[in-house]
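The values are calculated or read from the model by the stated rules, or taken from the named source; none is laboratory data. Since the model is a prediction, treat every value here as computed from it, not as a measurement. Here the Cβ positions follow ideal geometry from the backbone for every residue, glycine too, while neighbour counts run over all protein chains shown.
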Amino acid sequence: MESTYVDKNYVYAVAAIRSEELKLLNASFLDQLIQAKTEDECMRLLSEKGWGREDTKTPDEMLSAEREKTWETVTQFVPDRRVFDVFLLENDYNNLKAAIKESVMEFDYPGIYINESTVPYETVRTAIKERDYDALPDDMQEIAKEAHDTFLHTKDGQLCDIMVDKACLKAILKAGKESGNEFLEMYSELIVAGADIKIAVRAAGCGKDKEFILSALAECDTVEINALANAAMQGTDAVCSYLATTDYADAADRLKESPQAFECWCDDLIITRMRSELYHSFGLGPIAAYVLARENEIKSVRIILSAKLNGFSEEIIRERVRETYV
């Protein structure tokens, strides 16, 4: 995609998105949700904000409706949704994992698939069931066959997930770099680097060997995966020491606080880096940032609703809720 197209063909779309940004949930409203006594009270507050649809009854239905509304809004202004494929690739690969496991288990689990994706989940499901890997996108064909064969022979779900997740990270990074858009390239780099750091942290706590760790890490520009793997083998403190030498030094401090604080940092990193798009008047960046902002607030609401259902304290909820875009 040429930069002239990106820069000059989204002026109207950005102006329209600015009005949609006014509907985004801010920190004050999230605090209201956190202080609500019950899940039902949270649902009522969200309904008053226009969340959900007329037939919405459950939290899952409300969150699904909001995700659908995000894409309905964006495609009004950007009809070719392919420019946002980098955001949907994770759903494609999650559907691939689901299809592989469903096929091997020989039982239908239709509720495990995600509708918002670059490839209809029915296509992925049928391709795996019929072993017709050529029906999948080029970048997915090889890993689909490898992961499917591996799961068939080993029944090792974790190994299958690791293989597909790494392929997903590589696809996201590739899509970002090929997008011709600085914002999408930054997003893809942060997603992969954040995922690598999470993998290293989890591996450090499990005593995994270097071969296993490297099999899960995806190469990117801002993290040296060999050094990260070496650190993970030595434990969490060593991972923190390595991170202190990178662009992600703040992650070390949050990791020392708690696992929840670290997980929040990973998500908040993207939000804080994309806030500059609030001041741009053209280009794809502000629209892409809106999509991410919506996904981020849906994630925060999911956390709050789940916490209310399980009786978590306000203090614990605040630790887990993500930063807002506005």
Hits in segment 101-127 - residues which are under 17 Å from F84 (Cβ atoms) and at pLDDT 90 or above: S117, T118, V119, P120
Meets criteria (crowded, with 18+ Cβ neighbours inside 10 Å and not assigned by TED's automatic domain parsing to the domain that holds T126) for D196: yes
Wholly enclosed helices (runs of 4 or more DSSP H) of segment 153-257 bearing at least 1 residues within 19 Å of the chain's Cα centre (by Cα) and at pLDDT 95 or above: 157-178, 182-206, 210-216
Selection status of K155, crowded, with 17+ Cβ neighbours inside 10 Å and basic (K, R): no
Meets criteria (at pLDDT below 90 and touching a Phe, Trp or Tyr at 6+ places or on another chain (Cβ under 6 Å)) for R320: no
Only one of T118, T150, T126 that is among the hydroxyl-bearing types (S, T, Y) and assigned to a loop (DSSP other than H, G, I, E, B): T118
Per-region count, segment 1-25, residues modelled with pLDDT under 90, in a helix (DSSP H, G or I) and hydroxyl-bearing (S, T, Y): 4
Within segment 272-315, considering residues that are modelled with pLDDT of 90 or more and of a type in the set (K, R), the one surrounded by the most Cβ atoms within 10 Å (Cβ to Cβ): R294
One residue from S28, S64 being among the small types (G, A, S), part of a helix (DSSP H, G or I) and more than 29 Å from A195 (Cβ to Cβ): S28
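Among the listed residues E116, E68, identify the single one that is under 28 Å from C160 (Cα atoms) and surrounded by 13 or more Cβ atoms within 10 Å (Cβ to Cβ).
Being under 28 Å from C160 (Cα atoms) and surrounded by 13 or more Cβ atoms within 10 Å (Cβ to Cβ) holds for just one of E116, E68, which is E116.
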